[in-house]
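Only one structure is covered here, and it is reproduced in the block below.
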């Protein structure tokens, strides 16, 4: 009995010393993880199997917080995200309720399980009923950006999750978003067209690229005669098993196109007659019809009294709704309407409420125009006010060029009611435009480009087509 009491006393003393020393490791050591066992005659050691006194604490001794990420009922939903936004990543929120939501009391996080990594929305951020709101992620706020494999959560003032979304790599690649389809209610899917601040749109099923055959030009006085096919489609045009004839009323006269003929999008291909690609020959008054591989008519053209040396061509080029005109031949190239008068250099657009103001010239000719020693003025009645164009300026055929005022390209400034005139190197007036009470933010220009009609434009289009 004495030995038992002595054993109990010594063991209790040793355990007390071990606990006070703060040793918690489950791995025993020679110094701290043994206890002496005394039986009165011998002394042995054995590993300490005392369990950890605090199984629910972290290694730092702090309680481990378990975050409940189950969303509570809320009118706020995450509707769309863009994890590779340009210039910034963003998410879109929507308020499906009837009351405004003050987001300034809400927090957002890309590490929902860590309460220390939640960021408050900026003060005054409101989400109105039925509103789509795009929230951008920058270094300034919230201090993080969206990753390609990420999780995003929003918490209410009580710290409860009201919306949470997780996505994986590839769900929101460059140029695409990850959103609900149907909008607001459906599951998330990759969307080809991001719609920040607006309803999500499902991906439209695009038809596969396909060719579109257009008979573009006929030449009936050659040696040999020929016709030109233009592919107005967005895919390759394969002419395998297509047929052509100069006698549309007689199906037995149809002849197959040469094998392996394929025309790329926007491409031309010439087919010669007189026994080369086809055995028939054109007359000055004739017809040509083409059929697809199933025998369906694709295109047909008829002409009468086509002059020797001239072509019968579609104007505009490649437009199946265009007008057929007699032109000079342009075999394998864009058709030209020789009856169209040569264009000219014109003042094409004016902007008088900018910082700086500017004007645009348009070269409607078929040749480059060198503006060396050309001049411009906003006071046409006073020749002494003419100022030279900047050195080295050349406008290509069919091109635009913008010139800025306020001592950038020219020293004068426009007013809402004003004039502008330009002169060639010999001092001859090339063009002059006057306007009255031009509203701020609007431009004044020609429609179509280079045309005679001038009008106001709500949306200026410097260096681009007026519309």
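Computed from the coordinates by the stated procedures, all read-outs in this text should not be read as laboratory data. Just so it is clear, the structure is predicted and the values come from calculations on it, not from any experiment. For neighbour counting, all protein chains shown are included, and Cβ atoms are generated from backbone atoms with ideal geometry for every residue, glycine included.
Some notes on this structure:
- Taking 18 Å as the cut-off, the amide N atoms of region 261-286 that come nearer than this to a point 7 Å along the Cα-to-beta-carbon line of residue 331 belong to 268-284.
- Two-site FRET efficiency, residue 394 against residue 223, from Cβ-Cβ distance with R₀ of 51 Å, rounded to 0.05: 0.75
- Spacing of the two label points (7 Å from each Cα toward its C-beta) at residue 201 and residue 464, in nm: 1.7 nm
- For region 76-191, the square roots of the Cα gyration tensor eigenvalues, ordered a ≥ b ≥ c, give a/c of at least 1.5 with a/b no greater than b/c, which places it in the oblate category.
- Overall form of region 359-467 per C-alpha gyration tensor (a/c, 1.5; a/b vs b/c): oblate
- Label point at residue 365 placed 7 Å out along Cα→Cβ; residues across region 436-454 whose backbone nitrogen lies under 16 Å: 450
- Computed E for residue 149/residue 272 - FRET, C-beta separation, R0 60 angstrom, nearest 0.05: 0.50
- Zone of residue 455's modelled label, taken as backbone nitrogen in region 391-426 under 14 Å from a point 7 Å along Cα→Cβ: none
- Segments 66-73, 153-160 sorted - mean Cβ within 10 Å per residue, highest first: 153-160, 66-73
- Cβ-Cβ distance of residue 139 and residue 323, R₀ of 56 Å, FRET efficiency by 1/(1 + (r/R0)^6): the value works out to about 0.45.
- Put simply, when 317-324, 438-445, 246-253 are sorted by average Cβ atoms within 10 angstrom per residue, most first, you get 438-445, 317-324, 246-253.
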